[in-house]
Amino acid sequence: MNTALRDAMADAGVKPGQLARMVGVSVKTVERWLGNPLRTPHPAAQEDTARALGVDAVTLWPKAVRSAVRTGHDREIVAAYPYRSAAPTSLWASLIDSAGQRLVFAGYTNYFLWQNHPRLGARLKAKADAGARVRFLVGDPGSAVTARREEVEDVPLTLSTRIRITLDALSKIEDTPRIEARFSDAHIALSVFMFDDQMLVTPHIASLLGDESPMFHLRRLGDDGLYDRFASHVTALWENARPV
């Protein structure tokens, strides 16, 4: 038995079914983790489980975490997904809910966020009211860049429509001072989502939609690493962006 996981669940007052819902897996999967100390989740699920229980992943699966320790430039990569849609919704939810200082949504439309996360506007407003800075960098629905991309995608739910859905959602919380939004056309090929010291990055491939492109989960571990490079990119975009 994985006694460390059992004890952490007992200390947190979390039952297998509850943990399964929090992490986005089946109850049987959690029971397998408990029953076999050699069975370890993939890295993202390890992080989600540790966060849900308020412990470090190394406490729950010490051998697996230590064997995965990196020392090179890729050490800030927590997980990689071949498609953005392959990442569990619970990952996004946990990152949004755990961030307390800075949340940046630099996706060209950010449309999928409102579809996948109920009451997102209220959750972000609560974050801002508690002192967090929330920023949205979106494409201009009327720009030539957006029009050209719409021709490439050629889908019924157009890029400009998806942007306007985000703008409409933001208009309902626009009276919150620490929530800001700006237009930029310079991130059409790269989406970056920042949650304090963690980040999700999606480089967009050719004519594919955002959820069909790969995504990387990063955690900041030092100066001038992958996280800082992408963060600097977003800062530069924000400074040159236009007010919504």
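Just to verify a result, which residue in segment 160-185, among those that are among the acidic types (D, E) and without any contact (Cβ under 8 Å) to a residue 12 or more places away in the chain, is nearest to A87 (Cα to Cα)?
Within segment 160-185, the first condition is being among the acidic types (D, E), and the residues that meet it are 168, 174-175, 180, 185.
Filter once more, so that each one left must be without any contact (Cβ under 8 Å) to a residue 12 or more places away in the chain: 168, 174-175.
Details: D168: 26, E174: 29, D175: 32 Å.
Top of the filtered list is D168.
Counting the residues of segment 226-244 that are open to solvent by 20 Å² or more (accessible area, probe 1.4 Å) and touching a helix residue (DSSP H, G or I) at 6+ places or on another chain (Cβ under 8 Å) gives 2.
Taking the criterion of being within 23 Å of P214 (Cβ to Cβ) and in contact with a Pro (Cβ under 6 Å, 6 or more places away or on another chain), would at least one residue in segment 133-142 satisfy it? Give the steps one after another, and end with the answer.
Of all residues in segment 133-142, those within 23 Å of P214 (Cβ to Cβ) come to 136-139.
Add one more test, that the residue is in contact with a Pro (Cβ under 6 Å, 6 or more places away or on another chain), and what stays is none.
Scanning segment 133-142, I find no residue that is within 23 Å of P214 (Cβ to Cβ) and in contact with a Pro (Cβ under 6 Å, 6 or more places away or on another chain), so the answer is no.
Screening the candidates I205, I188 for the property of being free of Cβ contacts under 8 Å to residues at least 60 places away in the same chain, in a loop (DSSP other than H, G, I, E, B) and under 28 Å from P88 (Cβ atoms) yields one hit, I205.
Of all residues in segment 126-174, how many are over 19 Å from A93 (Cα atoms) and open to solvent by 80 Å² or more (accessible area, probe 1.4 Å)? Within segment 126-174, residues that are over 19 Å from A93 (Cα atoms) and open to solvent by 80 Å² or more (accessible area, probe 1.4 Å) number 8. Of everything in segment 1-46 that is assigned to a loop (DSSP other than H, G, I, E, B) and in contact with a Pro (Cβ under 6 Å, 6 or more places away or on another chain), the residue that is surrounded by the most Cβ atoms within 10 Å (Cβ to Cβ) is N2. Residues in segment 98-120 that are of a type outside the set (F, W, Y) and touching a strand residue (DSSP E or B) at 6+ places or on another chain (Cβ under 9 Å): S98, A99, Q101, R102, L103, V104, A106, G107, T109, N110, L113.
Among residues of segment 100-120 that are loosely packed, with under 15 Cβ neighbours inside 10 Å, those with a beta-carbon under 9 Å from a residue that is part of a helix (DSSP H, G or I) at least six positions away or on a different chain give the pairs G100/K127; Q115/I165; N116/T89; N116/W92; N116/A93.
In the set T59, T49, only one residue is open to solvent by 70 Å² or more (accessible area, probe 1.4 Å) and polar (S, T, N, Q); that residue is T59. In segment 74-81, the condition of being closer than 19 Å to R220 by Cβ, open to solvent by 50 Å² or more (accessible area, probe 1.4 Å) and under 14 Å from the mean Cα position of the chain (by Cα) is met by at least one residue. Against the list (1) within 29 Å of R229 (Cα to Cα); (2) in contact with a strand residue (DSSP E or B) (Cβ under 9 Å, 6 or more places away or on another chain); (3) open to solvent by 30 Å² or more (accessible area, probe 1.4 Å), the condition R123 fails is (2).
Is it the case that A181 is within 19 Å of the chain's Cα centre (by Cα), of a type in the set (A, V, I, L, M, F, W, C), part of a helix (DSSP H, G or I) and at pLDDT 95 or above? Please lay out each step first, then the result.
Working: within 19 Å of the chain's Cα centre (by Cα): yes; of a type in the set (A, V, I, L, M, F, W, C): yes; part of a helix (DSSP H, G or I): no; at pLDDT 95 or above: yes.
For A181, the condition - within 19 Å of the chain's Cα centre (by Cα), of a type in the set (A, V, I, L, M, F, W, C), part of a helix (DSSP H, G or I) and at pLDDT 95 or above - is not met.
So for segment 86-93 (the condition being at pLDDT below 90 and open to solvent by 50 Å² or more (accessible area, probe 1.4 Å)), does at least one residue qualify? Yes, segment 86-93 contains a residue that is at pLDDT below 90 and open to solvent by 50 Å² or more (accessible area, probe 1.4 Å).
The values are calculated or read from the model by the stated rules, or taken from the named source; none is laboratory data. Because the structure is a prediction, the values reported are computed rather than measured. Please note: Cβ atoms are built from the backbone with ideal geometry, for glycine as well, and neighbour counts cover all protein chains shown. The accessibility values were calculated without ligands, DNA or RNA, using every heavy atom of the protein model including side chains. Shrake-Rupley method; radii C 1.70, N 1.55, O 1.52, S 1.80 Å.
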